[in-house]
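So the structure is just underneath, and the comments pick up after that.
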């Protein structure tokens, strides 16, 4: 199928859209607060997160216990029984159960922040903590409202500066792309890119063909084979009759001689030895280059 490319005018008109849809604005700038706040502000924000997280754990635990007392405890362990248990709750108890679950999860994150952590490992990836002392469900329980206000002020400043940096980066990227797509040099580079895509990758094909076995090779002993071919030699092997389809493989051991006097060798993909009369070495017969479209 022939690829239809946009015209130069259409390509230039789509410059801004191509930038806006490439990624989110915040992905264009670094995430850490150290890029936007002073060193003293970063240290203060880290200290406040740790101290306030430690101080709110006791009120959080007390509120969780209070909510638990409003519920028929414990809830069943089996999912179906727990669903029935939840359905039997009154509206007030269901609201208490929902808040209980939220605060229990928040307490885990707050405990991590009290140790100086800012993310958690889930599987093989790290994710930022969802809850903090600034979360709507935790903030009302923080004892020191003055320090909480200061932390909120620093967090708001950090987010405002990062969002502004992201907007500046987005505007700059749009300006560069618009200028690029409206220049003759940019159009020439785009045509080169299209030609590479339309041409497709170059695939190098190496064809292996059996080496014609001479009378000498057909009567090779194990020692003669080992002196001629190293372990790992590409071969065609016939574990059964030679009129069957051969295995395309390679040797995995030196050749050796059985008690019957038959010389054999082991190959990849077959458990035993195969007689040398049923093994043919192969060799590259020149590389051929062909063009294949994507």
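The values are calculated or read from the model by the stated rules, or taken from the named source; none is laboratory data. On a predicted model such as this, the values are computed, not experimentally measured, just so you know. Using ideal geometry, Cβ is built from the backbone for each residue, glycine included, and neighbour counts are taken over all protein chains shown.
Per-structure values
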quantity: Any hit, the range 163-181, residues being more than 33 Å from the chain's Cα centre (by Cα) and within 21 Å of residue 22 (Cβ to Cβ); calculated: yes
quantity: Flag if residue 77 is assigned to a helix (DSSP H, G or I) and without any contact (Cβ under 8 Å) to a residue 12 or more places away in the chain; calculated: no
quantity: Only listed residue being at pLDDT 90 or above and exposed (fewer than 15 other Cβ atoms within 10 Å of the Cβ), chosen from 166, 156, 125; calculated: 156
quantity: Residue in the range 222-233 that is at pLDDT below 85, out of contact with any strand residue (DSSP E or B) (no Cβ under 8 Å at 6 or more places or on another chain) and either surrounded by fewer than 17 Cβ atoms within 10 Å (Cβ to Cβ) or not assigned by TED's automatic domain parsing to the domain that holds residue 282 (or both) present; calculated: no
quantity: Residue in the range 41-55 that is in a loop (DSSP other than H, G, I, E, B) and over 30 Å from residue 181 (Cβ atoms) present; calculated: no
quantity: The range 261-280, residues that are part of a helix (DSSP H, G or I) and touching a helix residue (DSSP H, G or I) at 6+ places or on another chain (Cβ under 9 Å); calculated: 276, 277
quantity: Residues of the range 56-71 satisfying the condition of being assigned to a helix (DSSP H, G or I) and touching a helix residue (DSSP H, G or I) at 6+ places or on another chain (Cβ under 8 Å); calculated: 56, 57, 59, 60, 61, 63, 64, 67, 68
